[in-house]
Amino acid sequence: MSADVYAEITRASVPVLERLAEILERRGTDPQQERIRQAYFSDIPFPENARVLESGCGTGAVVRALADWPGVGEVVGTDPSEFFLNIARDLAKFRENVRFNLADARNLPFPDETFDVAVFHTTLCHVPSPEKALEEAWRVLRPNGILAVFDADYSSTTLAQGPQDPLQAVAEAAISVIAYDPYLGRRLAPLVHQTGFEITQTRSFGYCGVEDSDYMLTLVDRGADALLDSKRVGPELAAALKNEARRRVQAGNFFGRISYSNIIARKVD
């Protein structure tokens, strides 16, 4: 497994946390990400006045979107980073149906059967032993409660336009520092089944950065920095890789893609 910064988020420095918080909010407001989020939210059968949990909420972008969704009464977001939660609380301070708790997804501070819906939005790929997080979701869901998992298949990430494209090395370096398990998206279904959930729907989504390249450029920057930090390249080449990505954006031929998997499942005793 890779050295995922999110998997060790409680040890991250303030500058790293500040950068990650900015990226999380940038992704949260990305138009493509918003459309994907709305598409899979539409597949969740929220009961009226649903009590919803989002584990690994970061700065709360998905919590805020859930709080505005029809049928949702209350949303509780959890994250192991107090730094992220302070930002999340500030951004949601005018929402009465939102609250946040400091917690690890594998050890939730809630009684059994207290939520109607549990959501993991790009969380499980960052969690060592994700089956424990799914078991906790099972525990806190009410009978017939709904599980919604949306996660990246980071092993599919590409920035390449052809063989031996130098930006593909950037993509791979980025994934090495942002995904504990880049193949998690491919193992979601068996993990959910093994926990005891009944899968009711599966879907796949593709995030394609062509014209909307802002979020993908954050991936370029993280990958180039990772190559520099590992001494695989020097500062001049790291800067050149970042510049090449931006040159492609300006020329109108940038390409980046990440595949996502989504599973909706029901708790069946």
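The values are calculated or read from the model by the stated rules, or taken from the named source; none is laboratory data. Just so we're clear, the structure is a prediction, and the values are computed from it rather than from any experiment. A quick note on method: Cβ atoms are made from the backbone with ideal geometry, for glycine too, and the neighbour counts reach across all protein chains shown. All accessible areas refer to the heavy atoms of the entire protein, side chains included, with ligands and DNA or RNA removed. Shrake-Rupley method; radii C 1.70, N 1.55, O 1.52, S 1.80 Å.
Brief remarks on what is shown
- Test: TYR183 is of a type in the set (Phe, Trp, Tyr) and in contact (Cβ under 8 Å) with a residue 40 or more places away in the chain: no
- Residues (basic (Lys, Arg) and in contact with a helix residue (DSSP H, G or I) (Cβ under 8 Å, 6 or more places away or on another chain)) located in the stretch 33-50: ARG37
- For the stretch 61-73, the criterion of being open to solvent by 50 Å² or more (accessible area, probe 1.4 Å), among the basic types (Lys, Arg) and touching a residue at least 12 places away in the same chain (Cβ under 8 Å) is met by none of the residues.
- Looking only at residues of the stretch 42-55 that are among the charged types (D, E, K, R) and assigned to a loop (DSSP other than H, G, I, E, B), we find that the one that is least open to solvent (accessible area, probe 1.4 Å) is ASP43.
- Considering the stretch 18-36, and only residues there that are loosely packed, with under 15 Cβ neighbours inside 10 Å and part of a helix (DSSP H, G or I), the residue that is modelled with the lowest pLDDT turns out to be PRO31.
- The single condition among (1) crowded, with 16+ Cβ neighbours inside 10 Å; (2) free of Cβ contacts under 8 Å to residues at least 60 places away in the same chain that ASP112 does not meet is (1).
- Yes/no for THR200 being in contact with a helix residue (DSSP H, G or I) (Cβ under 7 Å, 6 or more places away or on another chain) and either open to solvent by less than 60 Å² (accessible area, probe 1.4 Å) or among the hydroxyl-bearing types (Ser, Thr, Tyr) (or both): no
- Residue satisfying all of: in the stretch 219-269; of a type in the set (Val, Ile, Thr) and open to solvent by 30 Å² or more (accessible area, probe 1.4 Å); farthest from SER176 (Cα to Cα) among these: VAL268
- Residues that are out of contact with any strand residue (DSSP E or B) (no Cβ under 8 Å at 6 or more places or on another chain), surrounded by fewer than 17 Cβ atoms within 10 Å (Cβ to Cβ) and in a loop (DSSP other than H, G, I, E, B), drawn from the stretch 95-109: ARG95, GLU96
- Number of positions in the stretch 155-204 that are among the hydroxyl-bearing types (Ser, Thr, Tyr), out of contact with any strand residue (DSSP E or B) (no Cβ under 7 Å at 6 or more places or on another chain) and over 21 Å from ASN144 (Cα atoms): 3
- Single residue of ALA39, ALA7, ALA92, ALA12 found to be hydrophobic (A, V, I, L, M, F, W, C), open to solvent by 10 Å² or more (accessible area, probe 1.4 Å) and modelled with pLDDT of 95 or more: ALA39
- Scanning the stretch 117-153 for residues that are outside any strand (DSSP E or B) and among the acidic types (Asp, Glu), we see that the one that is farthest from ARG186 (Cα to Cα) is GLU136.
- Inter-residue pairs, beta-carbon under 9 Å, first of a type in the set (D, E, K, R) and in a strand (DSSP E or B) and in the stretch 188-206, second at pLDDT 95 or above and open to solvent by 40 Å² or more (accessible area, probe 1.4 Å), 6+ apart: GLU198/ARG266; ARG203/ASP43
- Criterion (farther than 20 Å from PHE205 by Cβ and touching a helix residue (DSSP H, G or I) at 6+ places or on another chain (Cβ under 9 Å)) met by exactly one of LEU53, LEU66: LEU53
- Residue match in the stretch 130-152 (condition: farther than 28 Å from GLY77 by Cβ and surrounded by fewer than 21 Cβ atoms within 10 Å (Cβ to Cβ)): no
- Flag if GLY206 is surrounded by 15 or more Cβ atoms within 10 Å (Cβ to Cβ) and closer than 24 Å to HIS126 by Cβ: no
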